[in-house]
Amino acid sequence: MRKSNLLSDTVENAQADLEKLVSDLRGVLSSKDLDGVPDIKQLRQRLEDTAGDAREGAVRADQEAARQAKEAALAADRYAHDEPWRVAGAALAVGALIGFIFSRR
């Protein structure tokens with residue numbers, strides 16, 4: 001689940017950065033000085049559309065990452081239930097290796 005949290009944090013940070021960028025662009029484009037430029041209305045609309053698409057993409061990416069993390073956790077859980085002696089043996093081997101390394105210090 002840690003990988004999912006890390007990915008979720010990354011997506012949230014990217015989304016926050018995107019929101020700040022969109023906010024800054026809105027501020028620039030809302031300037032009354034630009035009202036005389038004919039293409040500003042179209043540019044404003046494209047900005048809104050693109051920002052909405054980017055938000056939806058970030059949400060979908062976050063949901064997909066959560067789904068994949070859940071599937072991985074379920075697969076690990078199934079394996080641990082199906083092969084408990086292998087899991088116990090692997091844990092014993094790792095514990096013995098760590099114990100050996102620390103006992104040599």
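Structural remarks
- Subset tally (residues that are in a helix (DSSP H, G or I) and surrounded by 11 or more Cβ atoms within 10 Å (Cβ to Cβ)) for the range 77-90: 7
- Boolean, residue 71 is surrounded by fewer than 11 Cβ atoms within 10 Å (Cβ to Cβ) and without any contact (Cβ under 8 Å) to a residue 12 or more places away in the chain: yes
- Residue match in the range 26-46 (condition: in a helix (DSSP H, G or I), free of Cβ contacts under 8 Å to residues at least 24 places away in the same chain and within 23 Å of the chain's Cα centre (by Cα)): no
- Options 74, 97: the member that is at pLDDT 80 or above, in a helix (DSSP H, G or I), under 30 Å from residue 14 (Cα atoms) and out of contact with any Leu (no Cβ under 8 Å at 6 or more places or on another chain): 74
The values are calculated or read from the model by the stated rules, or taken from the named source; none is laboratory data. Quantities reported herein were computed from a predicted structural model and do not represent experimental measurements. Please note: Cβ atoms are built from the backbone with ideal geometry, for glycine as well, and neighbour counts cover all protein chains shown.
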